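In what follows, a single structure is set out as structure tokens and then discussed.
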């Protein structure tokens, strides 16, 4: 009985990591917090009328990686984790964006936090809503924290730049949904 208890004790010690050889040390703690002490949340709501039924519009512009077409992302879009169109899928369009919610004609995504960078809690919601049996509207809402910008003027400038970019995106979605072809993407802004 004593010998059995000794074997059990040694076995438990090894299972708990006592006496193990070459055990990995725990990963070091992150060096920079991504938490923002005093966030200033803001949102931008945009919409545009479309002369097509909601189901047709969503079929043309509502797939998770369709963003690369209507936002005219030169590098395209790639699913880097999960399955395209399923909650939890992660797409890359220059950064990581997780599909966090979806309905028949909408989805919501969130950008992922980055080590050492303040997390702005950026979310976007894309929705097509029926208006009549033959018409609909596209709604796009952005939500984020802009407190890491230096002042109200910078926050307003950033907000208007985002509004301009995504207003163009929903205009592009309308063109595509109504059977048109997008004009060439504007050239990228020069680096400062």
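The values are calculated or read from the model by the stated rules, or taken from the named source; none is laboratory data. From a predicted model like this one, the values you see are computed outputs, not experimental measurements. Positions of Cβ are generated from backbone atoms using ideal geometry, with glycine treated the same way; all protein chains shown enter the neighbour counts.
Scanning region 171-188 turns up one or more residues that are part of a loop (DSSP other than H, G, I, E, B), in contact with a helix residue (DSSP H, G or I) (Cβ under 6 Å, 6 or more places away or on another chain) and over 17 Å from residue 36 (Cα atoms). Annotation note: of 91, 129, the sole residue that is at pLDDT 95 or above, surrounded by fewer than 17 Cβ atoms within 10 Å (Cβ to Cβ) and in contact with a strand residue (DSSP E or B) (Cβ under 6 Å, 6 or more places away or on another chain) is 129. The residues on offer are 13, 55, and the sole one that is surrounded by 10 or more Cβ atoms within 10 Å (Cβ to Cβ), at pLDDT 50 or above and in a helix (DSSP H, G or I) is 55.
Residue check: residue 166 meets all listed conditions (1) more than 22 Å from residue 72 (Cβ to Cβ); (2) in a helix (DSSP H, G or I) but one, namely (1).
Per the listing 107, 122, the residue uniquely touching a residue at least 40 places away in the same chain (Cβ under 8 Å), in contact with a strand residue (DSSP E or B) (Cβ under 7 Å, 6 or more places away or on another chain) and surrounded by 15 or more Cβ atoms within 10 Å (Cβ to Cβ) is 107.
Can you tell me which residue in region 37-52 is modelled with the lowest pLDDT, limited to those that are buried (at least 16 other Cβ atoms within 10 Å of the Cβ) and part of a loop (DSSP other than H, G, I, E, B)? Residue satisfying both the conditions and the ranking: 39.
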